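The values are calculated or read from the model by the stated rules, or taken from the named source; none is laboratory data. Note that this is a predicted model, so its numbers are computed, not measured. Don't worry about glycine lacking a Cβ; one is built from the backbone with ideal geometry, like all the others, and counts go over all protein chains shown. For the accessible areas, the whole protein counts, side chains as well, though only heavy atoms, and no ligand, DNA or RNA atoms are used. Shrake-Rupley method; radii C 1.70, N 1.55, O 1.52, S 1.80 Å.
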Amino acid sequence: MAKELRALVIGCGAIGAGYDLDTQDVTTHAKAYAMRPGVALTLTDLDPGRAAMVAARYGASVLENPDNDQALNDFDIISLCTATAQHAAYLNRLLALPSKPFILCEKPVVDSLEAVAALEQIPEAGQRVLVNYIRRFQPGYHL
């Protein structure tokens, strides 16, 4: 039997969970994970009520304290869907986790050249990071 994938969505706003709450479309991280068999979904948000509401909708659990690095270490994949200003701080923490989860970060990754320079100073530790650069809103993408 295949191992259950443990997924965490940090940030339940628009791209994290909000865009498709009331549609049949699948355009958010939370819904995509929730629809996938074999994925145990956990959510966290600055607004605990929002995280609880989305968790109830998708049968997910809620991570009450995202500041607990030990708790973050329990996931195989982490979608970073917070405001851009929070990305660098989270990435610094996530990249230091011993478990080496796959990290899917929404764009833009950071909002300043200083933040880019700081991220470049993080030692290579075998982490896998993907930046989600959605192009569906660009007219040239639709052929």
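The table below gives the values:
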| read-out | value |
| --- | --- |
| Residue count, segment 46-66 (criterion: open to solvent by less than 40 Å² (accessible area, probe 1.4 Å) and either farther than 18 Å from residue 86 by Cα or modelled with pLDDT of 95 or more (or both)) | 5 |
| Pairs where the first residue, in segment 77-89, is over 13 Å from residue 44 (Cα atoms) and the second is assigned to a helix (DSSP H, G or I), C-beta under 7 Å, 6+ apart | 88/115; 88/118; 88/119 |
| Selected residue (only one of 41, 8 is within 17 Å of residue 86 (Cα to Cα), outside any helix (DSSP H, G or I) and out of contact with any Lys or Arg (no Cβ under 7 Å at 6 or more places or on another chain)) | 8 |
| Among (1) closer than 21 Å to residue 107 by Cβ; (2) over 11 Å from the mean Cα position of the chain (by Cα); (3) touching a residue at least 12 places away in the same chain (Cβ under 8 Å), the one test that residue 61 misses | (1) |
| Answer residue from segment 89-109, given it is modelled with pLDDT of 85 or more, aliphatic (A, V, I, L, M) and not in a helix (DSSP H, G or I) and is nearest to residue 28 (Cα to Cα) among those | 104 |
| Check on residue 6, surrounded by fewer than 23 Cβ atoms within 10 Å (Cβ to Cβ) and in contact (Cβ under 8 Å) with a residue 40 or more places away in the chain | yes |
| Residue in segment 113-128 that is closer than 24 Å to residue 4 by Cα and either in contact with a Leu (Cβ under 9 Å, 6 or more places away or on another chain) or open to solvent by less than 50 Å² (accessible area, probe 1.4 Å) (or both) present | yes |
| Hey, residue 98 crowded, with 18+ Cβ neighbours inside 10 Å and of a type outside the set (D, E, K, R) or not | no |
| The listed residue being on the phi < 0 side of the Ramachandran plot and more than 14 Å from the chain's Cα centre (by Cα), out of 72, 21, 80, 41 | 21 |
